[in-house]
1. Label-point separation (nm) for Phe110 and Asp20, each offset 7 Å from Cα along Cα-to-Cβ?
2. Report ³J(HN,Hα) in whole Hz for each residue of the stretch 72-78, in order, from the Karplus equation J = 6.51 cos²θ - 1.76 cosθ + 1.60 where θ = phi - 60°; Gly and Pro get x.
3. Whole percent per 5 Å bin, from 0 to the bin with the longest distance: what is P(r) over all C-alpha pairs of the stretch 8-213?
4. Which distance in Å, rounded to a whole number, links the C-alpha centroids of the stretch 1-67 and the stretch 197-212?
5. Just for the chain, what percent of DSSP beta bridges are antiparallel, to the closest 5?
6. Which loop chymotrypsin sites (Phe, Trp or Tyr not before Pro) in the stretch 88-142, with loop taken from DSSP, have no more than 12 other Cβ atoms within 10 angstrom of their Cβ?
7. Stretched out fully, how many nm does the piece from Ala84 to Val60 gain, at 0.36 nm a residue minus the Cα gap?
8. What's the exposure ranking of Arg8, Arg41, Arg90, going from fewest to most Cβ atoms within 10 Å?
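What follows is calculated from the coordinates using simple rules that are stated; it is not laboratory data. Computed from a predicted structure; not experimentally measured. Methodologically, a virtual Cβ is constructed for each residue, glycine included, from the backbone with ideal geometry; neighbour enumeration extends over all protein chains shown.
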Amino acid sequence: MADQVDARALSVAVLGGTGDQGQGLAYRLGVAGVHVIIGSRDPQRAQACAAAIDSRVTGVVEGAANDAASAQADVVIVAVPWAAHESTLRDLTEQLAGKIVVDCVNPLGFDSHGPYRIDVAAGSAAQQAAGLLPRSRVVAAFHNVSASMLMDASVDDLDQDVLVLGDDRPATDLVRALADLMPGVRGVFGGRLRNAGQVEALTANLIAINRRYKARSGIKITGI
């Protein structure tokens, strides 16, 4: 079970940690006392973002190049832009071997009608990651959480669920435990990795909702 995993004892790298979603996840995990390593192609930018977050949290937040961050961490969250997803992971196959890799990338496009899902040959970003990283334990999670809400220190209850998908149950349990560290968040097992595509695509609907209602909506699963 998720509550049997000592998630606070983990070190977590966030690749793409200088972006909005990556910074938000790094901040919330840092507040929970987790050792976080922000990864970036630009290590100086990663270090600057880490310093800004580290001054606000109880955990340790540091910055490094993507390869160094991946090598140091127990768990690696991939929060890079979709356009950089494949190239980033191809460059890190050795560093990520044997590790739990949490993919939260949403393949989305935007046009005059708003956000929409981009079709992915592998089925989803998470499945693409699994194909690129055959020696890693790939899990899909954290797709539907508002980046601005994650970074907003005045929000002390995020009030939503995080769907966690994967084929390795101990890995999904551990990622659920990480989600549970965030205030008002519950990690919920959402099925096999093959079902990640619709969770990624749901982000387009949430963005449309947020624009229409000037909100920062999330999701909650009822009945469990």
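1. Placing both labels 7 Å beyond Cα along the Cβ direction yields 0.7 nm.
2. 7, 8, 7, 10, 10, 9, 9
3. For the stretch 8-213, the pair-distance distribution reads 1, 8, 17, 22, 22, 17, 10, 3, 0, 0.
4. One Cα centre to the other: 25 Å.
5. Rounded to the nearest five, the antiparallel share is 20 percent.
6. none
7. Numbers: separation 24, 0.36 × 24 = 8.64 nm, distance 2.69 nm.
6.0 nm is the gain from fully extending Ala84 to Val60.
8. Listed from fewest to most nearby Cβ atoms, that is Arg90, Arg8, Arg41.
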